[in-house]
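Participant: One structure, pasted below without further comment.
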Amino acid sequence: MPLPRLQLFEFNDARWAPSIVRDTLVDSLSRAIRWGGLLDGIVAPLRECLRRAETNAVLDLCAGAGGPAAVLSSALPDVDFLLSDLYPQVDAWKSAGLRFISEPIDATNIPPSLGEDRVRLLVNALHHFPPPLARDVLRGLCAGNSPGVFIAEGLVRNPLSFAAMGPVGLASLLSTPILAPKRRLLATALLPASLAASVWDGTVSALRIHTPSELYAMVAELPGWEWSWGEYQHSAGLGRGTWFRGTRR
C-alpha cells in the first residue's frame, strides 16, 4: 500500500521564497534531469502517444525553466515543442533555443487555438497540485480539441525515491557557482541553504506524487479517452519515474 499523499510546500514553487534560492533549485534540477537521465525512459512512451494522437507537435504546460523540454526535444528532434507556463521564464527558454509563448498560460484554461493538434505535456509538474486542482488541470488538458495528453513524473511516491538520485542532484547543485549566470553567483554563499532546500523539495516532491489509482479516478469522468500508465527506470542511478498518457478513442 502506498504512503498517503502529503500536500507540503516546496521552496521552488513558493512565491515567498527568495528568488535566488528558487532559481538555484530550478537550474540545478534541470542539470540533474540531463545528467541523471531522469527522462530518458519517457521518450518511447511519448513517441507512442504522438503516434496514437496522429500528431508530431507538443504543447508543454508548466514548462518551468525548460529543462525537460530541452532533453526531450534533443531526443525527439522531429517533434515540434512549444513551451508555456503560468510564470513564463522567457530568458531561460531563449537561452535554450526553445520555441515558447511569452504570455502566461493557465493549464486549467488553455486557449482552444493554442493546443490544436498538439499533445499536451506536463513533466514533473502535476505533483505540485492537490487532488482537486490536479483534476481541474487534467480536465483542462483534455478540453477542446486536444488530441492527447502525456504526464510524466521523475519520482514515485516513496521518500527514498529522491535519495536514489542524490549523487546526481548533489553534483548538479555544487556545480552552481561554476555554471550559473553571473547574476546568481551569490548562490555560492547560499549553497548550504540551497542544499537543505533541495533535500526538502526532493523528498516532498516524492510524497506529493499522484498514484496510478488516483490518476485514473481523476479522469474517470472524462468520456472518449483511453488511458494507460507505466513506470520506468532512470538511465543513470537507481531511481524510478512514472508516465500517464491519454488519447482520444
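The values are calculated or read from the model by the stated rules, or taken from the named source; none is laboratory data. Just so we're clear, the structure is a prediction, and the values are computed from it rather than from any experiment. Because the Cβ atoms are built from the backbone with ideal geometry, glycine has one as well, and the counts that use them run over all protein chains shown.
Participant: How about the range 138-158: which of its residues are farther than 22 Å from VAL71 by Cβ, surrounded by fewer than 24 Cβ atoms within 10 Å (Cβ to Cβ) and within 17 Å of the chain's Cα centre (by Cα)? Give the steps one after another, and end with the answer.
Facilitator: Initially, the range 138-158 is screened for residues farther than 22 Å from VAL71 by Cβ, giving 138-140, 142-147, 157-158.
From the residues that got through so far, the ones that are surrounded by fewer than 24 Cβ atoms within 10 Å (Cβ to Cβ) too are 139-140, 142-147, 157-158.
Correct list: GLY140, ARG157.
Participant: So which residues in the range 75-107 are at pLDDT below 95 and hydroxyl-bearing (Ser, Thr, Tyr), if there are any at all?
Facilitator: Matches in the range 75-107: TYR87, SER95.
Participant: Any residue in the range 13-29 that is farther than 28 Å from LEU191 by Cα, surrounded by 23 or more Cβ atoms within 10 Å (Cβ to Cβ) and in contact (Cβ under 8 Å) with a residue 60 or more places away in the chain? It would help to see each step written out before you state the result.
Facilitator: First pass over the range 13-29, keeping only residues farther than 28 Å from LEU191 by Cα: none.
No, because not a single residue in the range 13-29 is farther than 28 Å from LEU191 by Cα, surrounded by 23 or more Cβ atoms within 10 Å (Cβ to Cβ) and in contact (Cβ under 8 Å) with a residue 60 or more places away in the chain.
Participant: If I filter the range 1-38 down to residues being outside any loop (DSSP other than H, G, I, E, B) and among the small types (Gly, Ala, Ser), which single residue comes out as nearest to TYR232 (Cα to Cα)?
Facilitator: Going residue by residue through the range 1-38, those that are outside any loop (DSSP other than H, G, I, E, B) are 11-13, 19-35.
Of the ones still in play, those that are also among the small types (Gly, Ala, Ser) are 19, 28, 30, 32.
Values: SER19: 33, SER28: 22, SER30: 19, ALA32: 17 Å.
If we take residues in the range 1-38 being outside any loop (DSSP other than H, G, I, E, B) and among the small types (Gly, Ala, Ser), then ALA32 is nearest to TYR232 (Cα to Cα).
Participant: Same structure again: I'd like the residue in the range 216-249 that is in contact with an Asp or Glu (Cβ under 7 Å, 6 or more places away or on another chain) and either of a type in the set (S, T, N, Q) or assigned to a loop (DSSP other than H, G, I, E, B) (or both) and, out of all such residues, is farthest from ALA44 (Cα to Cα).
Facilitator: Filtering the range 216-249 down to residues in contact with an Asp or Glu (Cβ under 7 Å, 6 or more places away or on another chain) leaves 235, 240-242, 246-247, 249.
Right, trim to either of a type in the set (S, T, N, Q) or assigned to a loop (DSSP other than H, G, I, E, B) (or both) and you get 235, 242, 247, 249.
Values: SER235: 13, THR242: 13, THR247: 15, ARG249: 20 Å.
The selected residue is ARG249.
Participant: Got a sec? Which of ALA75, ALA17 is more than 18 Å from the chain's Cα centre (by Cα) and among the aliphatic types (A, V, I, L, M)? Spell out the reasoning first.
Facilitator: Working: ALA75 fails: more than 18 Å from the chain's Cα centre (by Cα).
Just one listed residue meets the conditions, ALA17.
Participant: OK, next. State yes or no: is ASP60 acidic (Asp, Glu) and touching a helix residue (DSSP H, G or I) at 6+ places or on another chain (Cβ under 6 Å)?
Facilitator: Considered against the rule, which asks whether it is acidic (Asp, Glu) and touching a helix residue (DSSP H, G or I) at 6+ places or on another chain (Cβ under 6 Å), ASP60 comes out as yes.
Participant: I need every pair where a residue in the range 123-148 that is of a type in the set (Ser, Thr, Tyr) has its Cβ under 7 Å from the Cβ of a residue that is part of a loop (DSSP other than H, G, I, E, B), sequence separation at least 6 or different chains.
Facilitator: Cβ pairs passing all conditions: SER146/GLY115.
Participant: If you don't mind, another one. Evaluate the range 120-130: report whether one residue or more is over 25 Å from ARG248 (Cβ atoms) and aromatic (Phe, Trp, Tyr).
Facilitator: no
Participant: Can you tell me how many residues within the range 211-249 are crowded, with 18+ Cβ neighbours inside 10 Å and polar (S, T, N, Q)?
Facilitator: 2
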